[in-house]
Amino acid sequence: MRRLSDCEMLQSIAEVPNERERNGLRKVYLTFDDGPHPIWTPKILDLLARQRVPATFCVLGAYAAEYPELIRRMVSEGHDVANHSLSHRDLSKCEPGQIRHEIAEANALIQRACPAAAVRYMRAPYGKWTNDVISESMKAGLMSLHWSVDPRDWSRPGAEAIVDSVLTSVLPGSIVLLHDGAPPEECDLHHRDASRVQTVIALSRLILGLKERGFVISSLP
Ligand SMILES: [Zn+2]
């Protein structure tokens, strides 16, 4: 593994560097956190398949163990699976040993669900990065993945607001944060806060809007 400098150590990727300077392709990247979820993830996968668009799913290890068939579906349909920790604890408040455990267990459960999954990225729960979180991710061979466009779809502002928020702020190289699931404390299936129906409705309009603006939705490099 390449050794990162101290400066790089402090950073996670919020957008794909150099994408803005490149002429021609205007690439953007869709990421979905807090799944897989038995209701919302299949709907999102269906939409992505219909539109032939790749995405990165930042999954919880605990959910990967519960719904391994959804991890296999993500991989077989050409999506990336990233590590979003085992249980969605706030890792910024954890000791390095606990962080290591949360990352390693999630990786193991993703691999158990789908041995073909090549996990390359770590996304910290709540986007709370610390040097320990970044360095433990690196030790596990994972790059730290943040985002640059956040329409706060989890707060259910309305599908239209989600679409507008993304389309007004997206740039070449942007990494867009969306949610196909919810953390365990919100994930009682009948819990209103866990509904991702707005995200599902927004997604088809969003893909269309991005394409109309000349963006190419791509897999992360
Ligand atoms: Zn999350």
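Just a few scattered comments:
- Backbone amide hydrogens, once placed in the peptide plane, bring Ile217 within less than 5 Å of Val28, excluding anything fewer than 5 places away on its chain.
- Using R0 = 35 Å, the C-beta based FRET efficiency linking Gln98 and Leu171 works out to 0.45.
- Environment charge at Tyr121 (Cβ cut-off 13 Å; Lys +1, Arg +1, Asp -1, Glu -1): 0
- Put a plus charge on the Cβ of each Lys and Arg, a minus charge on the Cβ of each Asp and Glu, and nothing anywhere else: the dipole of the stretch 53-206 about its Cα centre is then about 260 debye.
- Cleavage-rule hits, trypsin sites (Lys or Arg not before Pro), the stretch 20-84, DSSP coil, Cβ neighbours within 10 Å at most 14: Arg20, Arg22, Arg52
- Kyte-Doolittle at least -1.0, axis length at least 24 Å by Cα - qualifying DSSP helices, the chain: 96-113
- Partner lysines for Lys27 [C-alpha distance under 21 Å; skip if fewer than 8 residues away on the same chain]: Lys211
- Dividing the summed helix terms, -39500 (n - 2.57) for each DSSP H run of n ≥ 4, by the number of residues in the chain produces a 222 nm estimate of -11500 deg cm²/dmol to the nearest 500.
- Among the GluC sites (Glu not before Pro) within the stretch 41-110, those in coil by DSSP and having at most 15 neighbouring Cβ atoms inside 10 Å are Glu77.
- Neighbourhood net charge (15 Å Cβ-Cβ; Lys/Arg +1, Asp/Glu -1) for Leu91: -2
Bear in mind that the values in this text are calculations on the coordinates, not laboratory data. These numbers come from a predicted model, not from an experiment. Counting neighbours? That spans all protein chains shown, and the Cβs are built from the backbone with ideal geometry, glycine included.
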